[in-house]
Amino acid sequence: MSKIDVEKAANLSEEVYEEFLKASSKFPAFASEHEGYAILLEEVDELWEAVKLNQKRQERHNQCRKECIQVAAMALRFLYDCTPEWKAGASP
């Protein structure tokens, strides 16, 4: 089993959180699980497009990384907006 670099993981988590905050300030909460799924699927499709880029292109790695962060941020947004115990006024 490989050892996790905790500092690297924390940095990635921070990038995801920043993307989550940025998207949350620009767009309203997901109205439903269906909307959350559709947005998450759109981000996964964008990741898939980046993955399919010619591997010799330098920007492929950066594009894949950017899309992964957006997928993770939208997954966090889905949990935040669509999980009942996280909705405003609900107790965990």
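Below are the figures for this structure:
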| quantity | calculated |
| --- | --- |
| Residue in segment 39-55 that is modelled with pLDDT of 95 or more, touching an Asp or Glu at 6+ places or on another chain (Cβ under 6 Å) and either exposed (fewer than 10 other Cβ atoms within 10 Å of the Cβ) or in a helix (DSSP H, G or I) (or both) present | yes |
| Scan of segment 1-26 for residues that are in a loop (DSSP other than H, G, I, E, B) and within 23 Å of Cys64 (Cβ to Cβ), ordered by number | Ser2, Ile4, Asp5 |
| Segment 56-76 - residue that is among the polar types (S, T, N, Q) and in a helix (DSSP H, G or I) and, of those, surrounded by the fewest Cβ atoms within 10 Å (Cβ to Cβ) | Asn62 |
| Number of the condition not met by Ala31 [criteria: (1) surrounded by 14 or more Cβ atoms within 10 Å (Cβ to Cβ); (2) not in a helix (DSSP H, G or I)] | (1) |
| Cβ-Cβ under 9 Å pairs, at least 6 apart or on other chains, segment 58-77 side under 13 Å from Ser24 (Cβ atoms) and modelled with pLDDT under 95, far side among the small types (Gly, Ala, Ser) and in a helix (DSSP H, G or I) | none |
| Residue check, Ala10 small (Gly, Ala, Ser) and more than 14 Å from the chain's Cα centre (by Cα) | yes |
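The values are calculated or read from the model by the stated rules, or taken from the named source; none is laboratory data. Computed from a predicted structure; not experimentally measured. Here Cβ is always computed from backbone atoms with ideal geometry, including for glycine, and neighbour counts include all displayed protein chains.
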